[in-house]
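A.B. asks: Next up is a structure, given as structure tokens.
Values quoted throughout were computed directly from the atomic coordinates according to the rules given, and no laboratory measurement underlies them. Predicted model only: the values in this text are computed from it and were never measured. Please note: Cβ atoms are built from the backbone with ideal geometry, for glycine as well, and neighbour counts cover all protein chains shown.
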């Protein structure tokens, strides 16, 4: 029997975690839900052993990582990623792989990887100087300042006034946060979320920014509808997923005056909006995909 764990840090499994658990149970797998903060590791002459609290020696065929939990320090981030690496070294098939999780979580690293694979991304810079940030805002007109690591659109700010970026830059730098800045060129108040599992595009949705907002995150009130995208968009989503080494992903694609541009590649995408618009439950596809790979 295949033994699979869903890893998050919520005390109670989230909806997507529950759907994954049910999908694997339907396929005859033994399932576990593990909180990432309770995982620890031992390295000795006997090898690498990953434990769960006081339970020694996890034995898993696969682990699907749905979240790294609240990260309050660089040390905590690397501890949790290293634990997942330890699972890999002990023979567990980790999805998505730890190196890919880090690449997707670090917005600048993700942008660099996408660009080197010939994938269009927004004009981007990162600085640690207030006046450099002001000069960039004057040069580009409208910019978006984002946390280097963040999700669901929280903390991202669209700015047109250099005086505003001056105030934000001073605040962020006081707290040791670099300024990750992208030029805003979107020509429609929507983007395209494409869901990829392995080499398959499951489908796509349009996400429309709610009134009085520019953000297209479903968590921030965006409206969704099914999108029948062309082959160019599908190929772009597949290439972006592979560029970061991900096995499944939600790829956010925008439209500007020059064509399509990849904004972000999500390594543990939420899919409530996608499921509502398309009727497709990605958990079923992910379970099929992982079990097929485990049987090879």
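A.B. asks: Rounded, prolate or oblate, given the Cα gyration tensor of the range 3-95, with a/c below 1.5 counting as rounded?
C.D. replies: Oblate, because a/c is 1.5 or more while a/b does not exceed b/c.
A.B. asks: Viscosity 1.306 mPa s, temperature 10 °C: give me the Stokes-Einstein translational D for the range 95-204 in µm²/s, with Rh taken as the Kirkwood radius over C-alpha pairs.
C.D. replies: On the way: Rh = 15.4 Å.
Calculated translational D: 103 µm²/s.
A.B. asks: Which percentage, to the nearest 5, of the DSSP beta bridges contained in the chain is antiparallel?
C.D. replies: Around 75 percent antiparallel, to the nearest 5.
A.B. asks: Now a separate question. Just to be sure I understand the model, the point goes 7 Å from the Cα along the line to the Cβ. What's the resulting residue 117 to residue 158 distance in nm?
C.D. replies: Taking the simple label geometry, residue 117 and residue 158 are separated by 2.7 nm.
A.B. asks: How much length is gained on full extension from residue 214 to residue 139, taking 0.36 nm per residue of separation minus their Cα-Cα distance? Show your work: numbers first, answer last.
C.D. replies: Working: separation 75, 0.36 × 75 = 27.00 nm, distance 2.09 nm.
24.9 nm is the gain from fully extending residue 214 to residue 139.
A.B. asks: Quick check on packing: order 194-207, 279-292 by the mean number of other C-beta atoms within 10 Å, highest mean leading. Display every interim value, and only then the final one.
C.D. replies: On the way: 194-207: 20.9, 279-292: 18.9.
Ranked from most to least packed, the peptides come out as 194-207, 279-292.
A.B. asks: Okay, moving on. Can you tell me the 0 to 90 degree angle between the C-alpha axis of helix 74-89 and the longest principal axis of the chain, rounded to 10?
C.D. replies: 40
A.B. asks: By count of other Cβ within 10 Å, fewest leading, how are 35, 188 ordered? Each step should come with its number before you reach the end.
C.D. replies: On the way: 35 16, 188 13.
Exposure proxy ranking, most exposed first: 188, 35.
A.B. asks: Counting pairs of alpha carbon atoms under 8 Å apart in space and at least six apart in sequence, what relative contact order in percent does the chain give? Before the final figure, lay out the partial values.
C.D. replies: Numbers: 545 pairs, mean separation 48.9, N = 296.
Relative contact order of the chain: 17 percent.
A.B. asks: Give the order of 109, 114 when sorted by the count of other beta carbons within 10 angstrom, beginning with the fewest.
C.D. replies: In order of increasing Cβ crowding within 10 Å: 109, 114.
A.B. asks: At 0.36 nm per residue, and after removing the present C-alpha to C-alpha distance, how many nm does the segment from residue 200 to residue 294 gain when stretched out fully?
C.D. replies: Details: separation 94, 0.36 × 94 = 33.84 nm, distance 1.78 nm.
Separation in residues times 0.36 nm, less the Cα-Cα distance, equals 32.1 nm.
A.B. asks: What 222 nm value per residue comes from the helices of the chain, counting each DSSP H run with n ≥ 4 as -39,500 (n - 2.57) and dividing by all residues, nearest 500 deg cm²/dmol? Could the numbers behind the result be given before it?
C.D. replies: On the way: 9 runs with 103 residues, N = 296.
Rounded to the nearest 500, it is -10500 deg cm²/dmol.
A.B. asks: How big is D for the range 124-183, in µm² s⁻¹ as a whole number, if Stokes-Einstein is applied with the Kirkwood radius of its Cα pairs at 4 °C and 1.567 mPa s?
C.D. replies: Details: Rh = 11.1 Å.
The Stokes-Einstein estimate is 116 µm²/s.
A.B. asks: Let me have the relative contact order for the range 3-95, percent, based on Cα pairs under 8 Å that are six or more residues apart. List each step's numbers first, then the result.
C.D. replies: Working: 147 pairs, mean separation 30.1, N = 93.
Here the relative contact order equals 32 percent.
A.B. asks: Taking every alpha carbon pair in the chain, what does the distance histogram look like in 10 angstrom bins from 0, in percent?
C.D. replies: For the chain, the pair-distance distribution reads 6, 26, 33, 23, 10, 2, 0.
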